[in-house]
Structure formats: structure tokens, C-alpha cells
Amino acid sequence: MTLRIKDCVCRWHRCTSSEGGASVVARGEAFLGERYFKDSDLATRVAEVAGKAPPDQRLEAIKELASTLDGFWALAVEWSDGETIAAVDRLRSIPLFYARTADGGVAIANNVVYLNDCVNACTLNDEAIIEFLLAAGYVIGPRTLLEGVSQMQAGEILHWKDNAIHTSRHFRFLRSGWSTAGQERLTDQLGEVMDHVFSRFVRQYADQRIYVSLSGGLDSRLVLAMLKRHGHKDLVALNYGQPEDRETKISKAVAEAIDVPWESACYNEGDWQPLMASQEMREFWRYAGQDASMPHIQDYLALHQLRQKHPRLEATFFSGMVGDMIAGAWVPDHFTDNEGPLDRDEVCRWMFFRKYGSWPARRREKNAVLRRMREFLDEAPLGPVHNSAAAFDLLEFESRQAKYIGNSVRSAEAHGFGWQLPLCTNELMDFYLSVPTELRELKRLYALWMRDRIFVGPMARLAEIPPSGDGRYVWHGVPRPVRRYGMGQRVRRLTWPLLRHTLLPHISHWRIVSGYMQRAFKPLRFFEWFVSSEAEAKTRTLGELLDEHGGIFDGLPPAAAAFASRFRHYPVCLVDSLGALALAYLADVRRTL
């Protein structure tokens with residue numbers, strides 16, 4: 001076993017136990033009970049546990065420690081006899097990768113670049129690439145875009161002993177049973193858990209500046225309100241986007257309502273292009289993606305502008321990311337029957353329908369992804385207590401949330417800021433996993449608790465400001481238009497292939513039609529998609545985007561090249577903008593191999 005953990009953007013901390021011959025490398029911060037461990041203190045604590053563990057109980061000791069560390073961290077321990085254990089937190093917020101070495105061993109690294117000499121570490125995986133493009137940013141399970149490199153999954157422990165790799169989990173986003181406490185009591189319990197979570201954060205960060213990334217939704221609003229409620233003094237709300245956006249107006253109104261300073265990073269036409277072309281962004285693009293997930297860059301420009309404005313600013317960013325999923329925002333409306341049976345095939349079909357629409361897929365491509373989903377669910381410890389909603393949540397949590405949404409914290413790291421995801425603590429996850437599905441749908445319990453218990457008294461004005469996002473449906477007591485939206489998506493996917501492959505080839509003036517579309521709306525580069533309206537951005541044809549970058553298919557595996565080349569003249573109005581961005585990232589990965 002070889003540990004290839006090196007400082008890359010963030011510093012990793014090392015410690016050797018005074019007994020047992022255990023060498024530890026760790027990064028992150030976590031609460032252990034009411035005690036707080038960060039970086040070097042965390043490494044020291046892991047070394048103490050590893051050094052005292054008898055040789056036959058090392059795995060159990062590290063697993064027990066991992067299950068009780070409430071925070072965001074990654075660690076690896078190597079004993080003098082070669083036995084090695086690595087672990088990541090429940091969200092895999094700090095990724096680790098591993099690959100087989102030429103001599104039959106295994107190397108663990110915090111950057112895939114450090115694994116380049118391993119077996120097939122520079123060979124792109126056909127199937128993974130297509131899945132990555134369809135999902136616009138991630139692949140299921142331990143795979144990466146590289147044939148010989150694997151990534152540790154959420155809540156996973158890797159154990160190397162006797163020349164063999166074994167993986168297990170110290171946590172999975174699966175309930176062990178339903179609470180029968182009733183809505184009123186569950187509401188009380190949620191308040192108690194939230195108060196405990198935020199009181200610890202306010203105590204720990206008492207002398208530090210906290211920025212809250214404040215959008216127009218409920219999650220970031222709650223984070224800001226709870227920090228204010230528990231008395232944090234140095235608090236600033238940060239919004240980004242265009243000044244006239246609805247989200248910007250809501251964000252400003254929320255900050256003013258509770259008297260918190262508000263800053264806005266304006267995304268103006270042309271701001272993204274020079275930044276995307278810079279060496280700084282190129283380095284971030286590789287650091288955040290790691291050939292495993294698409295970089296989450298929507299807040300990168302805001303942090304870049306903030307750092308330029310305040311070069312010596314020391315602050316920690318608190319974000320509501322992933323909190324909505326944990327609270328139940330993504331539970332499909334027809335999976336809300338607690339007594340309903342688990343239908344794995346239906347879960348896979350619905351997951352594909354909701355999350356894999358960035359590109360139109362042919363039947364064999366769709367079936368390949370569905371097969372991967374089914375394998376994932378077949379290997380998961382789903383039992384009688386788990387319904388279809390629980391299976392959907394597990395697949396969503398360990399795929400998109402852990403690998404793409406949670407990966408948004410890389411932007412803060414790249415600019416020298418700390419970060420926290422306060423709505424993803426162990427306590428909150430454990431609580432929501434006990435809540436019946438009908439109270440998690442559309443984060444019903446969470447949103448109503450927020451409106452009726454938190455946004456009262458001095459914060460009553462927050463209940464009067466309508467939120468954006470799915471939370472607004474519970475807020476106003478109206479159903480979410482999921483089925484209507486779904487029908488529109490299905491019609492689009494069924495009719496466009498027929499139009500594209502049967503009718504358009506016989507229309508000699510197709511390029512004239514395409515040209516008319518481009519003249520009707522201002523054509524944009526992909527850099528500008530984050531500052532433009534959907535109508536403008538998606539009228540640009542993907543063919544021009546690909547021509548702009550030149551040779552984007554050169555060197556791709558045959559199946560992946562064939563998949564992408566089908567859409568050379570495909571109107572971008574029928575492709576999700578993130579799907580095209582994923583293709584641009586894939587081209588960048590290919591250039592670095």
C-alpha cells in the first residue's frame with residue numbers, strides 16, 4: 001500500500017502515534033461529542049485511536065471513530081506492518097482516490113494526478129463517459145472517468161490487508177425505522193436538533209467572520225436565520241447573479257429583514273469569458289473535477305470577485321447545499337406511501353427520467369445506465385423497512401449530491417476560505433431518516449417548522465417573503481407540478497429524435513433554419529451561460545460550440561466519440577446547458593491525459 005497524499009490547494013496534516021506504529025494523514029474538521037477537532041488536532045486524535053487498537057481490531061476502531069465524527073473530513077492510517085485504512089465522511093466532502101500499482105499493490109491519493117503511473121490510470125472509460133454526459137457531471141458507484149482509478153464513496157472505509165482490498169461503510173443514507181411520534185412531536189425534535197447544531201457552530205466560530213451564501217430559497221435563509229438567532233456577531237450575507245434577478249431581490253429582502261449586512265457579486269455580460277480562459281480557472285477546473293465529477297462553478301466568480309475586493313479577508317462560508325435533499329425535497333410524489341413496496345426498477349426509471357436528461361439517449365445507452373442503477377440498488381442493504389422513496393434517496397444522495405452538489409465547496413477552498421455545510425451534520429441526517437416519507441415530501445416538515453416556529457417574533461418578516469425553489473409549494477400549500485413537467489419532458493424526448501433523424505435530413509434549408517434561430521437570439525459562448533437567460537443561451541447550436549474548441553472528439557474512446565458526434569448540429573435549446581458544459585469538461589480531461 002502506498003499513501004500519496006500531498007498538499008494540493010489545501011494542507012493535509014500528518015501525525016505518528018506514540019505506540020502501535022501508526023502513521024496518520026488527515027484533513028477537515030468535526031465534532032466528537034461537544035469537542036471540536038480540526039486538521040492537526042483531528043490527525044492527532046486519529047493517531048491516538050489507531051495506536052491503541054490491537055492488530056485484530058484496527059478496522060473496528062477506525063470505523064467506530066468514523067461513525068462518531070460529526071463533520072467533514074478524510075483520513076488515512078498506515079501501520080508499520082503495511083495494513084492501511086482510509087475513510088471519508090458521510091458526504092465524501094473531501095474525496096480520496098485509489099488504483100492498482102504495477103506491482104500488484106494499491107495507491108491511495110487525494111488527487112488523481114498522483115496515480116498516473118498506476119494500471120490503466122490514463123485510459124478513459126467508454127461507459128463511464130456516456131453516463132457522465134447524460135447526468136451532466138457524475139457516475140454511479142466507485143468509478144471515475146478513468147478505467148483504472150476508483151473513488152471512495154460517501155461514508156466508505158477502504159481496508160488494505162494481506163494484499164487485498166475490502167470496502168465497507170460506516171454510514172449510508174438509509175433509515176432503520178419510522179418514527180411514530182407524530183408531526184407535532186417531530187416538529188419539536190427538529191427544533192431541538194437544529195438549535196443544538198447551530199449553537200455548536202456559533203460557539204466554535206465566535207471570533208470569526210461567517211459569510212452565508214444567500215439565495216432566494218429556504219435552506220440558505222434558514223442558515224442565516226439560525227446563526228442570527230444564536231447570536232453570531234460577525235455575519236454577512238453574500239448573493240451572486242444579476243441585479244434584477246428575482247433571487248437577488250429575495251436575498252436582499254431577507255438580509256434586510258433581520259438586519260444582516262448584504263453583499264452582492266454581480267454577474268455581468270462578459271465576466272466569465274476572461275476568467276474561464278485564465279490559468280487560475282484551468283487549475284481549479286482540474287482540481288475540482290479530478291476526472292470524477294464536473295466542477296461546480298456557479299459561485300466561483302462571486303468568490304473570485306470577493307477575494308479581489310478583500311485580498312486579506314479571513315472568513316468561513318456557510319452554505320445550505322445538500323440540505324434540501326436531506327430534508328426530502330427530491331422525494332418523488334408517487335413514492336410517498338409508507339406502506340408501499342420497494343420497486344427497484346421503477347426507482348431506476350424515475351431516477352433516469354429526472355436526473356439523466358442532459359442529452360437525449362438511445363435505448364442501449366439508457367439501458368446501460370439503468371443497469372448500473374439496478375446493480376447499485378441490488379448491492380445496497382435495502383430491507384423490508386425501505387420503500388421506493390428510501391431507495392431513490394440513497395441513489396440521489398450517494399450520486400449527484402455527494403459527487404456534484406457537495407463538491408461546490410471546492411470554490412471556497414480555491415480562494416482560501418473555510419467552508420461548512422451546516423444542514424448536513426450527522427444529527428440532522430439521523431433525524432430526517434426517522435421522519436415518515438409523507439412528511440419529507442417537498443421537505444414538508446422542515447418548511448412548515450421553519451415558517452411556524454423560526455420565522456416568528458423578531459424574524460416574522462422572513463415568513464412574509466415568498467421563497468423560490470420547491471419549498472414555495474409547501475409554503476403556499478399548493479401541489480408541485482411534477483407530473484405536468486414530466487409529461488412535457490417525455491414529449492420532447494419522444495418527438496425530437498423523430499424530427500431530427502427522419503424529417504430534418506430531407507429539409508435542404510436546415511442550415512437556413514438554424515441560421516434564423518441564431519439571428520433571432522444573441523449567440524453566446526458557453527462561458528456566458530451563467531449570466532444569460534435560458535432562451536438566449538440555449539439557442540446556440542452545439543455544433544458551433546464544438547467547432548469553437550476544435551478537435552474535441554480527438555482521442556476519445558470510440559463509443560464516447562460516437563455519442564458526442566451525434567449532436568454536432570444539435571440545437572442547444574434541446575440540451576441542458578450543464579450537459580454541454582460537461583462535454584467541455586470532458587474535452588479538457590482528454591487534453592490532460
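The values are calculated or read from the model by the stated rules, or taken from the named source; none is laboratory data. Please read these numbers as outputs of a predicted model, since none were measured by experiment. Backbone-built Cβ (ideal geometry, glycine too); neighbour counts: all protein chains shown. Just the protein is used for accessible areas: all its heavy atoms, side chains included, with ligands, DNA and RNA removed. Shrake-Rupley method; radii C 1.70, N 1.55, O 1.52, S 1.80 Å.
Scanning the range 39-58 for residues that are in contact with a helix residue (DSSP H, G or I) (Cβ under 9 Å, 6 or more places away or on another chain) and either farther than 26 Å from GLU427 by Cβ or in a strand (DSSP E or B) (or both) returns LYS52, ALA53, PRO54, ARG58.
Just one of the listed residues (LEU134, LEU115, LEU146) is out of contact with any Phe, Trp or Tyr (no Cβ under 8 Å at 6 or more places or on another chain), farther than 23 Å from THR68 by Cβ and open to solvent by less than 50 Å² (accessible area, probe 1.4 Å), namely LEU146.
Is the range 213-223 home to any residue that is surrounded by fewer than 20 Cβ atoms within 10 Å (Cβ to Cβ), under 16 Å from GLN305 (Cβ atoms) and within 26 Å of the chain's Cα centre (by Cα)?
Here is the first cut: in the range 213-223, the residues surrounded by fewer than 20 Cβ atoms within 10 Å (Cβ to Cβ) are none.
So far as the range 213-223 goes, no, none of its residues is surrounded by fewer than 20 Cβ atoms within 10 Å (Cβ to Cβ), under 16 Å from GLN305 (Cβ atoms) and within 26 Å of the chain's Cα centre (by Cα).
Any residue in the range 417-425 that is at pLDDT below 95 and either on the phi > 0 side of the Ramachandran plot or out of contact with any Phe, Trp or Tyr (no Cβ under 9 Å at 6 or more places or on another chain) (or both)? Within the range 417-425, not a single residue is at pLDDT below 95 and either on the phi > 0 side of the Ramachandran plot or out of contact with any Phe, Trp or Tyr (no Cβ under 9 Å at 6 or more places or on another chain) (or both). Only a single criterion out of (1) part of a helix (DSSP H, G or I); (2) within 17 Å of ASP89 (Cβ to Cβ) is not satisfied by ARG27, namely (1). Screening LEU42, LEU91 for residues that are within 18 Å of GLU413 (Cα to Cα) and crowded, with 21+ Cβ neighbours inside 10 Å leaves exactly one candidate, LEU91. If the condition is being open to solvent by 50 Å² or more (accessible area, probe 1.4 Å) and touching a residue at least 24 places away in the same chain (Cβ under 8 Å), then the range 190-206 contributes HIS196, GLN204, ALA206. Taking every residue in the range 78-91 that is over 30 Å from ASP430 (Cβ atoms) and assigned to a loop (DSSP other than H, G, I, E, B) and pairing it with any residue that is hydrophobic (A, V, I, L, M, F, W, C) and open to solvent by less than 30 Å² (accessible area, probe 1.4 Å), at least 6 positions away or on another chain, the pairs with Cβ-Cβ distances below 9 Å are SER80/ALA22; GLY82/TRP160; GLU83/VAL77; GLU83/TRP160.
Being over 26 Å from ALA561 (Cβ atoms) and surrounded by fewer than 13 Cβ atoms within 10 Å (Cβ to Cβ) holds for only one residue in GLU346, GLU379, GLU396, and it is GLU379.
If you go through the range 268-297 and pick out every residue that is surrounded by fewer than 18 Cβ atoms within 10 Å (Cβ to Cβ), closer than 19 Å to GLY241 by Cβ and modelled with pLDDT of 85 or more, you end up with 0.
Consider the range 415-447 and keep the residues that are open to solvent by 40 Å² or more (accessible area, probe 1.4 Å) and in contact with a helix residue (DSSP H, G or I) (Cβ under 8 Å, 6 or more places away or on another chain). The one that is farthest from ALA329 (Cα to Cα) is GLY416.
Looking only at residues in the range 164-182 that are open to solvent by less than 50 Å² (accessible area, probe 1.4 Å) and over 26 Å from THR84 (Cα atoms), the one that is modelled with the lowest pLDDT is GLY177.
Is it fair to say ALA107 is open to solvent by less than 20 Å² (accessible area, probe 1.4 Å) and among the aliphatic types (A, V, I, L, M)? It is true that ALA107 is open to solvent by less than 20 Å² (accessible area, probe 1.4 Å) and among the aliphatic types (A, V, I, L, M). Here SER358 fulfils each of the conditions (1) touching an Asp or Glu at 6+ places or on another chain (Cβ under 9 Å); (2) closer than 20 Å to GLY217 by Cα; (3) surrounded by fewer than 22 Cβ atoms within 10 Å (Cβ to Cβ) apart from (2).
Quickly run through the range 224-256 and pick out the residues that are part of a helix (DSSP H, G or I), in contact with a Lys or Arg (Cβ under 9 Å, 6 or more places away or on another chain) and open to solvent by less than 10 Å² (accessible area, probe 1.4 Å). Before you say what the answer is, go through the steps one by one.
Residues of the range 224-256 that are part of a helix (DSSP H, G or I), as a first pass: 224-229, 246-256.
Subset that is in contact with a Lys or Arg (Cβ under 9 Å, 6 or more places away or on another chain): 250-251, 253-254, 256.
Across the range 224-256, the qualifying residues are SER251, VAL254.
Filtering the range 129-158 to residues that are free of Cβ contacts under 8 Å to residues at least 40 places away in the same chain and out of contact with any helix residue (DSSP H, G or I) (no Cβ under 9 Å at 6 or more places or on another chain) leaves only PRO142. The residue pairs whose first member lies in the range 175-188 and is among the aliphatic types (A, V, I, L, M), whose second member is surrounded by 11 or more Cβ atoms within 10 Å (Cβ to Cβ) and part of a helix (DSSP H, G or I), and whose beta carbons are closer than 8 Å, counting only pairs six or more residues apart or on different chains, are ALA181/GLN189; LEU186/LEU439; LEU186/LEU445. When you look at ILE62, is it in a helix (DSSP H, G or I), open to solvent by less than 10 Å² (accessible area, probe 1.4 Å) and of a type in the set (A, V, I, L, M, F, W, C), yes or no? Considered against the rule, which asks whether it is in a helix (DSSP H, G or I), open to solvent by less than 10 Å² (accessible area, probe 1.4 Å) and of a type in the set (A, V, I, L, M, F, W, C), ILE62 comes out as yes. Residues of the range 257-304 that are among the charged types (D, E, K, R) and in a loop (DSSP other than H, G, I, E, B): ASP259, GLU269, ASP271, ASP291, ASP299. In the range 65-88, the residue that is surrounded by the most Cβ atoms within 10 Å (Cβ to Cβ) out of those that are at pLDDT 95 or above and hydroxyl-bearing (Ser, Thr, Tyr) is THR84. Just a yes or no: is a residue in the range 464-471 assigned to a helix (DSSP H, G or I), under 23 Å from the mean Cα position of the chain (by Cα) and under 23 Å from GLU256 (Cα atoms)? Among the residues of the range 464-471, at least one is assigned to a helix (DSSP H, G or I), under 23 Å from the mean Cα position of the chain (by Cα) and under 23 Å from GLU256 (Cα atoms), which makes the answer yes.
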